[in-house]
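The block underneath contains the structure these notes are about, expressed in structure tokens.
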Amino acid sequence: MAVPPRRTGKTAKALRRSHIKLNSAALVECSNCGAMIKPHHICPKCGYYNGKKVVNVK
């Protein structure tokens, strides 16, 4: 099995892994009730989507 001639440094390893991170969730405000929801989803608080009542929420 091949053995690398030198150890990979901390900086090189960190630069290679720079895209591995947590992303914050994209949230938008519901136009009907003002709750923070995921974009393009029905609001779980009021049941509206795109200004129209879609589901009945208790």
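Just so you know, all these numbers are worked out from the coordinates, no wet-lab data involved. These figures come from a predicted structure and were not determined experimentally. So basically every Cβ, Gly included, is an ideal-geometry build from the backbone, and we count neighbours across all protein chains shown.
The table below lists the values:
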| quantity | calculated |
| --- | --- |
| When residues of segment 45-58 are limited to those that are surrounded by 10 or more Cβ atoms within 10 Å (Cβ to Cβ) and not aromatic (Phe, Trp, Tyr), the one nearest to the chain's Cα centre (by Cα) | Lys45 |
| Test result for Asn23, at negative phi and within 17 Å of the chain's Cα centre (by Cα) | yes |
| All positions within segment 23-58 that are outside any loop (DSSP other than H, G, I, E, B) and among the β-branched types (Val, Ile, Thr) | Val28, Ile37 |
| Positions within segment 1-20 being in a loop (DSSP other than H, G, I, E, B), over 22 Å from the mean Cα position of the chain (by Cα) and not aliphatic (A, V, I, L, M), in sequence order | Pro4, Pro5, Arg6, Arg7, Thr8, Gly9 |
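Here's the yes/no breakdown for (1) surrounded by fewer than 11 Cβ atoms within 10 Å (Cβ to Cβ); (2) without any contact (Cβ under 8 Å) to a residue 12 or more places away in the chain:
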residue	(1), (2)
Met1	yes, yes
Lys10	yes, yes
Ala35	no, yes
Pro39	yes, no
Cys43	no, no
